Each structure stands twice: as C-alpha cells, then as structure tokens.
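Read through the structure below, which is laid out as structure tokens, and then see the notes.
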Amino acid sequence: MQKLIIKGKRELSGTISISGSKNATLPILAASILANRVILKNVPLVKDIFTMAELLNFIGLKIKFIKKKKIIEITNKEKNINTLAPYKLVKTMRAGVLVLGSLLTKYRKARVSLPGGCAIGSRPVDLHLFALKKLGAKIKIKDGYIIAEAKRGLKGTNIKFPSVSVGATENALLAASKAKGKTVLKNCAVEPEILDLILFLKKLGTNINIKGRTISISNSKINQPNISHEVIFDRIELGTFMIAGALIAKNSLTINKINPKIINSEINILRKVGVQIIKKKTSIIIKKKRNLKNINIVTKPYPGFPTDLQAQLMVLLTQVNGVSKIKEDIFENRFMHVPELKRMGALIEIKDKTAIIKGPSKLTGAEVMATDLRASVSLVLAGLVAENRTIINRIYHLDRGYEFLESKLRKCKAKIRRV
Ligand code: EPZ
C-alpha cells in the first residue's frame, strides 16, 4: 500500500489550481444515462470518477476518457442496457446508488446494490427510496439489493423530504426529470453540486426551477442529442487549500480556477478565525497571518459550514489561540481523524458530537493512518505544519477525491512525496 511522506514546517508559496468537483461529476455521470451523447469537461481524474465510469460501462454506456484534457465522452446507444448496479462497484463508491433514479425513470426498472456504510457513518438510503416510492416506484430490498420498478413509468407528485439529504435530492431530481407531469420537491439540499446537476438536466430538456429549498421539475419533450457541460470547481478542495494557506503560507498563497461567490460561508468562517482572504474574480489569495483566534462551529447543510471541511478546519483550530468547538451535526462518526491528530500532539477532547480543541498545540510528525477521504487530507495538513516527518498510511482514501494533491503542494514548496 502506498504512503505519503511529509517533511513539516516548509512554508507554502505560489499558486494552486483547483480541479473540477468530484461531488458534482458523480451525479452528472448518473444523469448521463438519460442523454444520448455527453461531453463532460473539467472532470477530476480521481478514483471515484473511474469507478462511476466503470459502473456506467457495466450498464452498457460507452465511456471515453481524454485524460490530458480532463474530458469524458459518454454515449448511450440504447443497446444491451443492463439496469444493474452490482455490489462490487457500489460498495466502495456509494454514489453509485445515484444511477437508481436515472435507470428507473428511463428504463422503468433497476437493481442497485445497497451502498452499505463507511467509516463516517451507516449512510442509509431510506430518503432516496421514500422519494422514489412517492413517484410511483415499487421497491423491495432483497439480498442486499434495491429492486425497483415502475411498469407504467414514474408520475410527478409533491414530495417533502423529512430531512435534508444531498444524495436523496439528487436521486429524486434524476427520477423526476423523466416522470410524467410535474414534481415539486421540498426541503431539498441545495449544495452548488446540486445546482450544477440542475444546469445539466436543463440542457437535457428538463424544466427545473429552484426557490429556496423547493425545486419544481417537469419533463419537456425536447431532447438534446449531444450535451456539453463543464463541471464546477471543487469547493471542498478549495476550502482544504485555503486552510493549508492559513496554516503555513510563507507570505501568501494564491488559489485559482474558482468562483469565490460560491464559498462565502467558508470564507466568512475563516475570516472569523482571523485568516486574511482577498477575493478576486476567479481566484483568492490567503495572506500569512499570526494570532488567529478560536471559534465555535456546527456543520450544516449548504450554505452552512460543510461537514466535508470539518476535519481540515480542526487542524487549523489546533494552531489558534484559545479553546474552539466543532459540532459534527451531519454524520454520526466523523471524528476518526481525532485520535491520529492527538498522536501528533493535538489537544482535542470529544464530548458527544462535539470536538473541543485547545490551541495552540505543538504538532510533531508521526506515522498515522487515513480512515476516510477528508480525514486523510486533514492528516496531510497536520503533516505540513508539524515538526519533522509525518508518514500517512492507507492513502487510497485520499486518491478517491483529491486530484494530484502532492504535486499541487510540491509546486508550492511543500516537501511531500508518495512511496
Ligand atoms: C454527500 O453525501 C457527499 N457525497 C458527501 O461527501 C457529503 O459529506 C454529504 O453529501 C453531506 O454534504 C457525494 O456528494 C458523493 P447526505 P450523501 O445524504 O448524499 C443521512 C465526501 O467526502 N441520510 O446529505 O450521502 C446521512 O446518514 C463525501 O466527498 C439518511 O438518514 O449525504 C447523513 O447523516 C463524504 N437517509 C445525512 O443524512 C438517507 O436516505 C446527510 O447525508 C440519506 C442520508
């Protein structure tokens, strides 16, 4: 298994370019089942995308990667379509469950493996199934699979989600986009990645409008045979590098290929900590600043502070003056990075769903283990600011969602290599 070795205390300077969003690309790949031909641009070349492409290939779509241009071409010739998402492909890439909505609405049946849990939580899909049943699907669970069918097609209706869920909102959007009549979804997740999926579905000829957390969808007959779409930038990767700059920029760190308007809540939180951030049209500059101060945060659905940045922010808060608190309100077990950070010298206690972080603490390099995607990148951030050498094991977690992480950091003078 590969490892990352980081020599700490190397101050960062230079420019980092942000890749396309993994969490926008995944639902749009699921939506491409509804199209004839799709050219997807600015795709991040990360493990989860290759796994999703493998799943589409298994279903019967033709997938062509033009890697150096970060383009995927997807063609659906409607021949030998296999409306099955097997366990071997869904178990490691839970977003595979998103093909359920597309397969059901287009082919009126689907057999999709239950994704199962992961390190951060049990990850149920009851809200996905709740919405699909409301749209008229007959659903049963057998041998670890979701077996869904809609003999007469799906029928638009009004659905109010009992709680906000990114994946359930996406599956409902995919299913409603070819349902008969109008669907109104209430209490939806409205992450920028969902807005990108909506943009894509509109190109497919679906009428969609969004007001607050309510999304109305009605199918329209127009069908664009060829669709071209550029995926939005990855706001979580951006937040990760903003925190890296706040932790150990030499003077300043520039991060480009982004739209700062989308990450106002993250920018405001970091400014509250005292991080100096200059917003430009398609980039931001993080200035070196000392005497950062403590803060209390609760993770929330967008536009609140994202759970996907919780582990990264925690590393920053180990270096600020005072006691900070982070309440993880989205997932039930997303503090797996804490024991590893404590082994590096961080002063963190967990009470119920809240981490209490005493700063500043002196971090020293250690051999640590990644447990999930965002926890693994928090260990990289800790390694950058710790004394001596940090070795990170199980970095396959990192490769699921960060494109060229070490080369982007090496370009900014970090001492980091993969062995
Ligand atoms: C998406 O996961 C993201 N994944 C996650 O990013 C992200 O952390 C999460 O949204 C929250 O923002 C992708 O987009 C591929 P949810 P998702 O449904 O859709 C509960 C990363 O690091 N829930 O919004 O699975 C669930 O257990 C990943 O890139 C139900 O109870 O998240 C959780 O507590 C990690 N029933 C809460 O809702 C359901 O049917 C929010 O989950 C669905 C979810």
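Since every read-out is calculated from the coordinates, none of them should be taken as a lab result. Note that this is a predicted model, so its numbers are computed, not measured. Here Cβ is always computed from backbone atoms with ideal geometry, including for glycine, and neighbour counts include all displayed protein chains.
Odds and ends about this structure:
- Remark: spin-label model distance Lys211-Asn251 equals 5.1 nm, labels positioned 7 Å along the Cα→Cβ axis.
- Order of Lys279, Lys134 under a 10 Å beta carbon neighbour criterion, fewest first: Lys279, Lys134
- Exposure proxy order (Cβ contacts within 10 Å, fewest to most) of Cys412, Cys118: Cys118, Cys412
- If you plug the beta carbon distance of Asn36 and Lys272 into 1/(1 + (r/R0)^6) with R0 = 41 Å, you get a FRET efficiency near 0.30.
- Hypothetical label at Lys186: residues of segment 160-174 whose amide nitrogen lies under 18 Å (7 Å Cα-Cβ projection): 160-165, 169, 172-173
- Relative counts (whole %) of C-alpha pair distances in the chain, using bins that are 20 Å wide: 27, 55, 17, 0
- Note that segment 112-162, at 25 °C in a medium of 0.890 mPa s, gets a Stokes-Einstein diffusion coefficient of 202 µm²/s from its Kirkwood radius over C-alpha pairs.
- Gyration tensor verdict on segment 195-300 (Cα atoms; rounded if a/c is under 1.5, prolate if a/b is larger than b/c, oblate otherwise): prolate
- Förster radius 30 Å - calculated FRET efficiency between Ser122 and Lys68 (Cβ-Cβ, nearest 0.05): 0.15
- Residue order, fewest to most surrounding Cβ atoms within 10 angstrom, among Phe404, Phe161: Phe404, Phe161
- Mean residue ellipticity (222 nm) of the chain, computed from DSSP H runs ≥ 4 via -39,500 (n - 2.57), nearest 500: -9000 deg cm²/dmol
- Averaged over residues, the count of other Cβ atoms within 10 Å places the peptides 252-260, 268-276 in the sequence 252-260, 268-276, highest first.
- Annotation: peptides 377-386, 87-96, 227-236, ranked by per-residue average of other Cβ atoms within 10 Å with the highest first, follow the order 377-386, 227-236, 87-96.
- Spacing of the two label points (7 Å from each Cα toward its C-beta) at Arg410 and Arg152, in nm: 6.2
- Gap separating the Cα centres of segment 217-246 and segment 103-155, nearest whole Å: 25
- For segment 33-120, alpha-carbon Rg over 2.2 N^0.38 Å: 1.08
- Pairwise FRET efficiency - Lys300 versus Glu349, Cβ, R0 = 22 Å, nearest 0.05: 0.45
- Greater than 20 Å apart at Cα, pairs in Lys280/Lys413; Lys272/Lys411; Lys22/Lys67; Lys300/Lys327; Lys41/Lys211: Lys280/Lys413; Lys272/Lys411; Lys41/Lys211
- Relative contact order of segment 22-230, defined on C-alpha pairs under 8 angstrom at six or more residues apart (%): 21
- Distances between every pair of Cα atoms in segment 22-230, grouped in 5 Å steps from 0 to the bin holding the largest one, split as 1, 8, 17, 22, 23, 17, 10, 2, 0 percent.
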